[in-house]
Amino acid sequence: MRKLLLCLVLAAAPTCAMADNMLVLKAAPSDGDGRITIGDVFDYADGASDVVLGVRSGATAVLDAAQVQAIARQNGFYWTNPKGLRRIIVAQGTDGSAPAPVAHTVKTAAKAPAGKTAEALVFTRSLNTGDVVQPSDLSYQPVQAHLAGANVSPQDIIGKSARYPLREGAVVRAGDLSNPVVVKKSQSVKVVWSVGGINLSMTGLAQKDGAAGDVISVLNPTSKKTVDAVITGPGTAAAGPAALQMRSQNPQYYSAR
């Protein structure tokens, strides 16, 4: 029945042949030996179940969804990622079975008895100032409960950059990280103003460093006037109603540091 539904979803394609190699993400991906395979993560992986996607060194591992999709495609299988996931978390367990429970909510120092441990998200390598956090940089590991601090999600940490040097094994804290700078002061920035289907653009000079989602002033070299714009990526920004809409629709991504 699930295969038939996949064929119906792909009705716009010439045939339903692709559905024969379509993968379905497991509700709770897990592995038992630290070697994460397609079969650990997906159902309907016959023929590619032993293809390695990554390794797990702690209680959990975080995989980049786009990389997983690419590896599957290289081996003739397809995952449509219908929920638009950015990361896949694989927990310690027995291959092919439900993962062992992993505590993602930890006690604070005031409530944790001395000597007790709790699972916390930690860095698996030391980071220098400005280094961007990758999925392989994070792992859930047991730490002294009074050091665990507040619970943070890998999805909220990956892609952030270190505000200052961070050591391997340190518990991940949101305040230690910020959005990576993608526009430098005095760098040329293309600003697009979109309204009513009409797009206007100009190239100016950024008046300060900024990360994606930051509002910066951009100097128009011709008029010598500045315009406030929302940074959308390296060397690009948006102004006008479109910028306000992006900030309201994506409060987590488009948020000031």
For M22, M202, the accessible-area ranking with a 1.4 Å probe, largest leading, is M202, M22
So, over other residues within a Cβ distance under 12 Å of L53, counting Lys, Arg +1 and Asp, Glu -1, the net charge is -2
The long-range amide H neighbours of I36, using H built 1.01 Å from N in the peptide plane and a cut-off of under 5 Å, are L53, G54, V55, R56
Residue by residue through the range 121-132, the couplings from Karplus 6.51 cos²θ - 1.76 cosθ + 1.60 with θ = phi - 60°, in Hz, x for Gly and Pro, are 7, 10, 7, 8, 8, 7, 10, 8, 4, x, 4, 8
The alpha-carbon center of the range 23-91 and that of the range 131-150 are separated, in whole Å, by 22 Å
Under the Karplus relation with 6.51, -1.76 and 1.60 and θ = phi - 60°, whole-Hz ³J(HN,Hα) for the range 29-34, x at Gly and Pro, equal x, 8, 9, x, 10, x
HN-Hα couplings for the range 230-238 via Karplus (6.51, -1.76, 1.60; θ = phi - 60°), in whole Hz with x for Gly/Pro, come out as 9, 5, 10, x, x, x, 10, 8, 10
Listed by chain and number, the residues whose amide H is under 5 Å from that of S126, excluding neighbours fewer than 5 places away on the same chain and using placed H, are E168
Between T236 and residues 5 or more places away or on another chain, the pairs with built amide H atoms under 5 Å apart involve K190
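May I ask for the net charge around S136, where only other residues with Cβ less than 10 Å from the Cβ of S136 are counted and Lys, Arg are +1 while Asp, Glu are -1?
With Lys, Arg at +1 and Asp, Glu at -1, the neighbours total -1.
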Counting only protein heavy atoms and leaving out ligands, DNA and RNA, the solvent-accessible surface of L25 at a 1.4 Å probe, in Å² to the nearest 10, equals 50 Å²
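Students often get this wrong, so check it: of K160/K224; K83/K208; K83/K160; K83/K190, which have C-alpha atoms separated by over 28 Å? Don't skip to the answer; put the middle values down first.
Numbers: K160/K224 34 Å; K83/K208 36 Å; K83/K160 22 Å; K83/K190 32 Å.
Over 28 Å apart, Cα to Cα: K160/K224; K83/K208; K83/K190.
The values are calculated or read from the model by the stated rules, or taken from the named source; none is laboratory data. Keep in mind that what you see is a predicted model, and the values were worked out from it rather than measured. Heads up, the Cβs are rebuilt from the backbone with ideal geometry, glycines too, and the neighbour counts pull from every protein chain shown. These area figures cover heavy atoms from the full protein model, side chains too; ligands, DNA and RNA do not enter into them. Shrake-Rupley method; radii C 1.70, N 1.55, O 1.52, S 1.80 Å.
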